[in-house]
Amino acid sequence: MGERLRGNEYRTTTICVDEYDNGVPVGRFYNPACSEGIPFQSLSQLLVKLQELLDGMSFPQSFTLNRAFTDQSPGLSGGKISAGAERKGRLATFGVRILFRQNASWQGSVSWLEGEREESFRSVLELILLMDSAMGQG
């Protein structure tokens, strides 16, 4: 996955949320660059794993270097979910289209599939708040 991917289909990641307890999402996400789903157990794990995927694809290319306290890059870890698994969350399903990675954040749009709504976001924080508002209505 070291080569740079350029197709627009790689910009959209499907996030399936199965549980949402006290603001902590649990589920999996899918991207055309991965043959299998990637599980997550928390919001921070979702964001870190998705950032690692985007870095591995170099698409959309980041405009800033990641800073860290360590020099180690953990890579994608934490198991895989078979490609045949249903790509729908028990609680909510989002299509996150990341257009840019500028100012150490993401910009794009998020579609809440069950609510049939789409909104643009200008930062990861705004993305989190949009997803939280959808799951709070469920």
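The values are calculated or read from the model by the stated rules, or taken from the named source; none is laboratory data. Keep in mind that what you see is a predicted model, and the values were worked out from it rather than measured. Note: ideal-geometry Cβ built from the backbone for every residue, glycine included; neighbour counts use all protein chains shown. Just the protein is used for accessible areas: all its heavy atoms, side chains included, with ligands, DNA and RNA removed. Shrake-Rupley method; radii C 1.70, N 1.55, O 1.52, S 1.80 Å.
Summary of values
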| read-out | value |
| --- | --- |
| Residue count, region 111-126 (criterion: part of a helix (DSSP H, G or I) and touching a helix residue (DSSP H, G or I) at 6+ places or on another chain (Cβ under 9 Å)) | 1 |
| Tabulated pairs, region 98-119, first closer than 15 Å to ASP132 by Cα and touching a residue at least 24 places away in the same chain (Cβ under 8 Å), second open to solvent by 50 Å² or more (accessible area, probe 1.4 Å) and among the charged types (D, E, K, R), C-beta under 8 angstrom, 6+ apart or interchain | LEU113/LYS88 |
| Test: residue in region 111-123 that is open to solvent by less than 60 Å² (accessible area, probe 1.4 Å), more than 15 Å from the chain's Cα centre (by Cα) and within 23 Å of ASP21 (Cβ to Cβ) | yes |
| Count of region 1-18 residues which are assigned to a loop (DSSP other than H, G, I, E, B) and either at pLDDT 95 or above or of a type in the set (Gly, Ala, Ser) (or both) | 2 |
| Unique residue being modelled with pLDDT of 80 or more and either open to solvent by 50 Å² or more (accessible area, probe 1.4 Å) or farther than 24 Å from LEU129 by Cβ (or both) when the list is ASP71, ASP21 | ASP21 |
| Residue, modelled with the lowest pLDDT, within region 29-61, restricted to residues that are surrounded by 19 or more Cβ atoms within 10 Å (Cβ to Cβ), aliphatic (A, V, I, L, M) and more than 19 Å from VAL17 (Cα to Cα) | MET57 |
| Condition met for SER105 (modelled with pLDDT of 90 or more, within 23 Å of GLY7 (Cα to Cα), under 13 Å from the mean Cα position of the chain (by Cα) and in a loop (DSSP other than H, G, I, E, B)) | yes |
